[in-house]
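The values are calculated or read from the model by the stated rules, or taken from the named source; none is laboratory data. Computed from a predicted structure; not experimentally measured. As a convention, Cβ positions derive from the backbone with ideal geometry for all residues, glycine included, and neighbour counts pool all protein chains shown.
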Amino acid sequence: MNRTVSAEESTISQDSDSPPKKKTGEIKKEALRPVKSLEPVAQDNYECSICLSWLKEPVVTKCGHRFCKICLEEWRTKKNSKCPLDDMNLSVDDIFPDNYTKREIENMRRSFPDQFEPPNQIFECRFSTISCDFKSSDPQEVENHMKNEYKEHIDMLLSSHLKSQYHTWEPSEKSPTETANKVTLFQQQTTRELINAMYERIVVLEQQNREQELKIAKLEQLETKRNGILVWKFEDFRKKFETMQLNPQTMYYSSECYTDPNGYKFCARINLSQKEKDCLSFHIHLMRSDNDYHLSWPFIGRIKITMINKDPTFNQTDILMSKPEIKAFHRPPEDISPRGFGFTEYAFINEIIKRGFIDNNDCLTIKIEMNIV
Amino acid sequence: MANMAVSRIKREFKEVLRSEEIAQCSIKLELVNDCFTELRGEIAGPPDTPYEFGTFLLEIHVPETYPFNPPKVKFLTKIWHPNISSVTGAICLDILKDNWAAAMTLRTVLLSLQALLASPEPDDPQDAVVASQYKENFEMFCRTAKHWTNSYAKGPHKFPDFDTKIQRLKDMGVSEFDARAALSRHNWDLNRATEQLFS
């Protein structure tokens, strides 16, 4: 049978979205999408093919189609579980919230509020500004209302006019609908921007504040370290003593100190004497610093070493003068000068303990004062 | 009427008004009542078919559950087609029944119906007599369909022999439609048509 089926192609199928033929198995329903979008224009990507409006709470199917959440739910409960666009079977697990699209639409809504219409368009009576509160979703009804109620409207107009005579100095009230919406939307937008800007500013300021606090703490620390007085708290005295006995090579260095803010840098060292195994050796070491280039070498000055006793009257004090011929006072060739200056046999351990130089916290305190002469 | 149905129809209405098919006078859609539930569709008979140059009116009823359920559509214009009842205008088309999808629109329905006119499905008939004529005597089907298009849808093809036979039956007191229907059902055999009408 030679039917002229091809004839339809000359007109109908010239349109790329020709309708599906009856029962041809795989119906490509996607081809049925409208070519032109409607006004206000929901962009094709962001249009729900069920309600033909902007996607609300968009979901995306595993076959890649987007719908409003409620539209798709309703379709699935009322009709069947197939995708309205390509007939793919959809279970609950095949449908995901599409928050990306949701955000995109939100952004567009913010940028182009005019392109969005309220979900249900309400038309107001044109006399709404003078207290006529007639509203309808059908423009024709509003037209009829305007035709039929002209007497009431004239009354309203008159009373409103009389009122306005006494209030002409008042700022005219804005139309409560469109402009108000736009204004609040604009205000919301600017408020949000302002909040964002202020939040960012706060973060920056907090960061700066923290950095400055750190800097101040560091400077305070430096300040105490740059007055020529080094107070060395030699903690865990007994434990360290045992360590040194086990390994006679062990040496303990104090933290560093400067004679003055731009002065010599030095530290102290404690270890066990080579000769007397129960005797402490105590030395001062000059250290290399950024100040070295402008200082005069060798170091000339007075060094006062005080071992603090629990009873201050028994403090042991030694005062030493620098000697220019000793290498220890020359410019340090390394970070810590290899030569030290002090006492090879400073004090016997048992004497230190017995005479009360170790406080209740097992700490030996030695104060070193360096003065340039 | 449900809110979504109304807002959809409003949008679709605009869509159809702007579509290319309107520009080509191929489909038309108009409102019958104010609440968007009753509409009137119109499609042009596709070229190179017996329906060419005919204009076919459709009654469209939009249910409250639209677009989750299909619109109810039937032909108001009498038509000779295997998938359309020659008496009631009821349509047998899958997308108006089980294969409806919420993404379809009135525009696609009208275009689908146009496509149905261009390619009937005699194996899934609405009108079994028309379908068997289509399958067994295609030329007779074409002439009959053209005659119906001329009589009801402003088609251009006149068939004087058919008109004579109808006139003979009308002379016997039969209405024009009954005469045409009976003759069409019996491949324009006057005797058998008379037999059917008067038995």
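Here residue A:199 meets each of (1) surrounded by 15 or more Cβ atoms within 10 Å (Cβ to Cβ); (2) out of contact with any Ser or Thr (no Cβ under 6 Å at 6 or more places or on another chain); (3) aromatic (Phe, Trp, Tyr) with one exception, condition (1).
The requirement of being polar (S, T, N, Q) and outside the structural domain of residue B:58 (by TED's automatic domain parsing) is fulfilled somewhere in the range B:155-171, by at least one residue. I'd like to know if the range A:294-306 contains one or more residues that are assigned by TED's automatic domain parsing to the domain that holds residue A:239, out of contact with any helix residue (DSSP H, G or I) (no Cβ under 9 Å at 6 or more places or on another chain), farther than 24 Å from residue A:243 by Cβ and part of a helix (DSSP H, G or I). Scanning the range A:294-306, I find at least one residue that is assigned by TED's automatic domain parsing to the domain that holds residue A:239, out of contact with any helix residue (DSSP H, G or I) (no Cβ under 9 Å at 6 or more places or on another chain), farther than 24 Å from residue A:243 by Cβ and part of a helix (DSSP H, G or I), so the answer is yes.
Looking at B:96, B:117, B:76, B:57, just one residue is surrounded by 24 or more Cβ atoms within 10 Å (Cβ to Cβ), more than 8 Å from chain A (Cβ to nearest Cβ), at pLDDT 90 or above and touching a strand residue (DSSP E or B) at 6+ places or on another chain (Cβ under 8 Å), and that residue is B:117.
Taking the range B:111-199 and the helices (runs of 4 or more DSSP H) fully enclosed by it, the elements with 2 or more residues that are basic (Lys, Arg) and farther than 25 Å from residue B:93 by Cβ are at B:160-171. Remark: residue B:155 falls outside the filter, which requires a residue to be more than 14 Å from chain A (Cβ to nearest Cβ), at pLDDT below 90 and over 25 Å from residue B:44 (Cα atoms). Taken over the range A:43-85, the criterion of being free of Cβ contacts under 8 Å to residues at least 40 places away in the same chain, surrounded by 17 or more Cβ atoms within 10 Å (Cβ to Cβ) and of a type in the set (A, V, I, L, M, F, W, C) is satisfied by A:48, A:50, A:51, A:52, A:59, A:67, A:68, A:71, A:72, A:75, A:83.
Taking the condition of being farther than 23 Å from residue B:10 by Cα, at pLDDT 75 or above and assigned to a helix (DSSP H, G or I), how many residues in the range A:112-145 meet it? Qualifying residue count for the region: 1. So is residue A:365 loosely packed, with under 14 Cβ neighbours inside 10 Å, in contact with a Lys or Arg (Cβ under 7 Å, 6 or more places away or on another chain), of a type in the set (S, T, N, Q) and assigned by TED's automatic domain parsing to the domain that holds residue A:245 or not? In short, no.
Among the residues that make up the range B:19-30, is at least one of them charged (D, E, K, R), within 14 Å of chain A (Cβ to nearest Cβ) and buried (at least 20 other Cβ atoms within 10 Å of the Cβ)? Within the range B:19-30, one or more residues are charged (D, E, K, R), within 14 Å of chain A (Cβ to nearest Cβ) and buried (at least 20 other Cβ atoms within 10 Å of the Cβ).
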